[in-house]
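The values are calculated or read from the model by the stated rules, or taken from the named source; none is laboratory data. All figures in this text were calculated on a predicted structure; none of them were measured in a lab. When we count neighbours, we look across all protein chains shown, and the Cβ atoms used for this are built from the backbone with ideal geometry, even at glycine.
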Amino acid sequence: MSDNQRYFGKYGGRYIPEVLHPAFEELEKAYEDIKEDRSFWDELDELYKDYIGRPTPLYYAENVSKHFGGAQIYFKMEGNAHTGAHKINNAVGQALLAKKMGKKRIIAETGAGQHGLATAAAAAKMGMECEVFMGEVDIARQHPNVFGMRLFGATVTPVTDGTKTLTDAVNAALKNWTERVEDTHYLLGSALGPHPYPSMVRDFQSVIGKEIKEQLFEKIQRLPDSCIACVGGGSNSIGMFNAFLDESVQLIGVEAGGEGANSKRHAIRMSGQGRLGIVQAYKSFFLQDDNGSLLPTHSISAGLDYAGIGPQLAYLNEQNRVEFTSATDAEVLDAVAFTAKMEGLIPALESSHALAEAYKRAATLSKDHVMVVNISGRGDKDMFITAPFFDGEDWLAFLKNEIIRLEKEV
């Protein structure tokens, strides 16, 4: 593959230590080979259908649409997939590829825990050893997913460096890979990092957009007018957007606004605060200081709490093909509560960034405007974050009573 094929414009590339060159050459060749291997994709399609539960529904949010009186809003229900989010699409795809490469062990990084959970499940399915690196902060706020990973047989390794969140987990996973490249595949969870990961993850996640296109044609015989997805690293968004890049469909990515753009506690890269740089082996936009060091990030959602963004999304922003905006933590919590009461659905905090933006726009659009929002995950994983906001003292009392009850049983 020529060097320029490893880039999206000036973004992307592969800036890796010498020790990892053989592993990346092996992975790139293996992926190029399976692109033309119909038997691989047939096997993956069966796993998507029977193991993951695809296709996931495209749900018309009738109550929400009527409430705003504008756009007709559809939800792509990725939270209905096995393990509760879109992450399983890529995890199963890469795990199957790793197995065919003869690897015995899988490692991964995770923030919200959904990628770690999906990787642990995929490794168990393939009969492979699994270790997941997760920031100490994220372990504390996403413990239900940590429990699930361990139940699937994975080792969850706390990362105590830096901000102890997703950025540091990526660094730890890359370091570990340099120590065991012969038998280990690094199952990167988002459409970023060194080539071929941005393209490979996008391709495994592109099932989302393909299904939306097919399902919407079946329902109303047309394309959507707009598609909205949250954006951390970018796997759920590029998976949704990829099918529509050559269509006249507005594409909107929503970043983590945290406590506000002026607060220094956010993860807004594409709305004017990110800087071009080379970090974690790829070139893109990152939140950095004047010396090029990554700045701390913040989001109520662990999955969007990341300093960089996938290179293809950076390129699409430059080409004015994807519009980027952000939602604050407060707006996200409002979107969770509103969606739950209106539609009987509890979306993940990550996905609720996209919903917050959809709700801002809905009433301003005509009734013939069709909007699709990617509900990339479900919200049960977030109960230890959301319950203190929504349930207050009752939640605290429940936890205290559980501790007393468990101590008596022990």
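Here are the numbers for this structure:
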item: Which listed residue is farther than 29 Å from ARG6 by Cβ and either of a type in the set (A, V, I, L, M, F, W, C) or more than 15 Å from the chain's Cα centre (by Cα) (or both), from ILE208, ILE139, ILE212; result: ILE139
item: Residue tally, condition in a loop (DSSP other than H, G, I, E, B) and either β-branched (Val, Ile, Thr) or farther than 22 Å from ALA307 by Cα (or both), over the stretch 172-193; result: 4
item: Restricting the stretch 1-13 to residues that are more than 13 Å from ALA281 (Cβ to Cβ) and part of a helix (DSSP H, G or I), the residue that is modelled with the lowest pLDDT; result: ASP3
item: Some residue of the stretch 96-105 being outside any helix (DSSP H, G or I) and at positive phi; result: yes
item: From the options GLN319, GLN312, residue that is closer than 30 Å to PRO194 by Cα and more than 20 Å from the chain's Cα centre (by Cα); result: GLN319
item: Answer from THR328, THR297 - the residue that is surrounded by 20 or more Cβ atoms within 10 Å (Cβ to Cβ), modelled with pLDDT under 95 and assigned by TED's automatic domain parsing to the domain that holds SER226; result: THR297
item: Qualifying position, being assigned by TED's automatic domain parsing to the domain that holds GLU211 and closer than 21 Å to ASN236 by Cα, among ALA71, ALA61; result: ALA61
item: Among (1) closer than 25 Å to HIS115 by Cα; (2) of a type in the set (Gly, Ala, Ser); (3) not in a helix (DSSP H, G or I), the one test that GLY260 misses; result: (1)
item: Residue check for LEU187: of a type outside the set (D, E, K, R), at pLDDT 95 or above and within 20 Å of the chain's Cα centre (by Cα); result: yes
item: Residues satisfying the stated conditions in the stretch 154-196, i.e. surrounded by fewer than 19 Cβ atoms within 10 Å (Cβ to Cβ), free of Cβ contacts under 8 Å to residues at least 40 places away in the same chain and within 30 Å of MET240 (Cα to Cα); result: LYS164
item: Pairs where the first residue, in the stretch 391-410, is in the same structural domain as ALA337 (by TED's automatic domain parsing) and modelled with pLDDT under 90 and the second is among the charged types (D, E, K, R) and outside any helix (DSSP H, G or I), C-beta under 8 Å, 6+ apart; result: none
item: Hey, GLU32 at pLDDT 95 or above, out of contact with any Lys or Arg (no Cβ under 9 Å at 6 or more places or on another chain) and in the same structural domain as VAL146 (by TED's automatic domain parsing) or not; result: yes
item: Count of residues meeting criterion [of a type in the set (A, V, I, L, M) and either touching a Gly at 6+ places or on another chain (Cβ under 6 Å) or modelled with pLDDT under 95 (or both)] in the stretch 357-390; result: 7
item: Enumeration of residues in the stretch 278-294 that are of a type in the set (Ser, Thr, Tyr) and buried (at least 22 other Cβ atoms within 10 Å of the Cβ); result: TYR282, SER284
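Here is a yes/no grid of residues against (1) out of contact with any strand residue (DSSP E or B) (no Cβ under 9 Å at 6 or more places or on another chain); (2) at negative phi; (3) in a loop (DSSP other than H, G, I, E, B); (4) surrounded by 19 or more Cβ atoms within 10 Å (Cβ to Cβ):
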| position | (1), (2), (3), (4) |
| --- | --- |
| TYR15 | no, yes, yes, no |
| PRO22 | yes, yes, no, no |
| GLU32 | yes, yes, no, no |
| GLU43 | yes, yes, no, no |
| GLU46 | yes, yes, no, no |
| THR56 | no, yes, yes, yes |
| VAL64 | no, yes, no, yes |
| PHE75 | no, yes, no, yes |
| ALA91 | no, yes, no, yes |
